[in-house]
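Here is the structure we will look at.
The values are calculated or read from the model by the stated rules, or taken from the named source; none is laboratory data. Note that the structure is a prediction, hence the values are computed from the model and not measured. Backbone-built Cβ (ideal geometry, glycine too); neighbour counts: all protein chains shown. These area figures cover heavy atoms from the full protein model, side chains too; ligands, DNA and RNA do not enter into them. Shrake-Rupley method; radii C 1.70, N 1.55, O 1.52, S 1.80 Å.
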Amino acid sequence: MADARRPYRGVFPVAPTIFDEKGQLDLEGQKRAIDFMIDAGSDGVCILANFSEQFLLTDGEREAVMNTVLEHVAGRVPVIVTTSHFSTEICADRSRRAQDAGAAMVMIMPPFFGATLRVSEAGIHEFFTRVSDAITIPIMIQDAPMAGTLLSASFLARMAREIPNVSYFKIEVPGTAAKLRDLIAQGGNAIEGPWDGEEAITLMADLDAGATGAMTGGGFPDGIRQIIDPYMAGNREEAADAYQRWLPLINYENRQCGLLAAKVLMQEGGVIKSDRVRHPLQPLHPETRKGLLEIARRLDPVVLRWG
């Protein structure tokens, strides 16, 4: 049965994976992080993404996080599960498991490994075709520099037209707005969800280009809503003012803190007990942490008073 909430739109931030001080999964903390993100206005959430430290989790831990979150959300908002893997069969199996557990969508990067191992367009097309054949929920293709794979707008549009469940696209490459315009023009109705990412640092340009969703960090969805909501309601001036107001924090997350920003903000606000990341990732330098919190406090985000 089709989800009545489709097409999915708005703010779908990435949830961090929560660890205790020993670096083990803190599933109770994970639930609190999700509750905060929903209370702060997230239209949906994404789990097990790169900003969730998915590359530092065992397969068993992935399952534990996925099942815990989907059971806890219990349909309150749509949940996107990242199922990326170089192996077509493993990615298809992960995607099938996510669907069976209640995921609304899966997000997948094109297959790559390391700095040099890439797959041809023909291989990528077949990869997504086989994954699509294994499920019935939408697939979001994540077009990000990490994959080191050139995905032209014409190729993405062709996959949207030819592969049934490929219908959402998270574009976070240089020139995102131009690529979104090309993708929408070439893909037409096959492009159900043209979204931006990269912590919303180019959100206004991307909204102007036709983006209908944003996948950001999980620390301040309320701030991103202040930009997207008025824009979608036709009040671009109010959206631009909000973008200007929140951009210093967006920039600090994007350029200084990366995936640690959401955890630091959540820990500072009492949402979670620990902002621990897994080694070999390192904690923020104290001065960087201080700078993040100084900028955040000027904006009074929900995260700093939720706990």
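Summary of values
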{"item": "Selection count, segment 261-275, where residues are among the acidic types (Asp, Glu) and either assigned to a helix (DSSP H, G or I) or exposed (fewer than 15 other Cβ atoms within 10 Å of the Cβ) (or both)", "result": "1"}
{"item": "Flag for Phe36 being closer than 23 Å to Asp206 by Cα, assigned to a helix (DSSP H, G or I) and touching a residue at least 24 places away in the same chain (Cβ under 8 Å)", "result": "no"}
{"item": "Enumerated helices (runs of 4 or more DSSP H) restricted to segment 139-226, each holding at least 1 residues that are touching a residue at least 40 places away in the same chain (Cβ under 8 Å)", "result": "203-208"}
{"item": "Test result for Asp93, under 30 Å from Asp35 (Cα atoms), of a type in the set (Asp, Glu) and touching a residue at least 24 places away in the same chain (Cβ under 8 Å)", "result": "yes"}
{"item": "Subset tally (residues that are out of contact with any helix residue (DSSP H, G or I) (no Cβ under 6 Å at 6 or more places or on another chain) and either surrounded by fewer than 21 Cβ atoms within 10 Å (Cβ to Cβ) or under 20 Å from Arg5 (Cα atoms) (or both)) for segment 188-210", "result": "6"}
{"item": "Set Phe128, Phe169, Phe112: member being more than 26 Å from Pro78 (Cβ to Cβ) and either touching a Lys or Arg at 6+ places or on another chain (Cβ under 7 Å) or open to solvent by less than 10 Å² (accessible area, probe 1.4 Å) (or both)", "result": "Phe112"}
{"item": "Candidates Arg255, Arg236 - the one that is open to solvent by 30 Å² or more (accessible area, probe 1.4 Å), touching a Pro at 6+ places or on another chain (Cβ under 9 Å) and at pLDDT 95 or above", "result": "Arg236"}
{"item": "Test: Ile224 is farther than 20 Å from Met105 by Cα, open to solvent by 30 Å² or more (accessible area, probe 1.4 Å) and under 15 Å from the mean Cα position of the chain (by Cα)", "result": "no"}
{"item": "Output for segment 265-286, where each listed residue is among the hydrophobic types (A, V, I, L, M, F, W, C) and free of Cβ contacts under 8 Å to residues at least 40 places away in the same chain", "result": "Leu284"}
{"item": "Selection from segment 276-286 of residues that are among the basic types (Lys, Arg) and either crowded, with 16+ Cβ neighbours inside 10 Å or under 14 Å from Leu247 (Cα atoms) (or both)", "result": "Arg276"}
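Quick grid of which residues meet (1) buried (at least 17 other Cβ atoms within 10 Å of the Cβ); (2) in contact (Cβ under 8 Å) with a residue 12 or more places away in the chain; (3) assigned to a loop (DSSP other than H, G, I, E, B):
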position	(1), (2), (3)
Thr288	no, yes, no
Leu292	yes, yes, no
Val303	yes, yes, no
Gly307	no, yes, yes
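To keep it simple, each residue is scored yes or no on (1) among the acidic types (Asp, Glu); (2) surrounded by 19 or more Cβ atoms within 10 Å (Cβ to Cβ); (3) farther than 13 Å from Ala262 by Cβ.
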site	(1), (2), (3)
Ala4	no, no, yes
Ala15	no, yes, no
Ile18	no, yes, no
Met37	no, yes, no
Asn50	no, no, no
Val69	no, yes, yes
Pro78	no, yes, yes
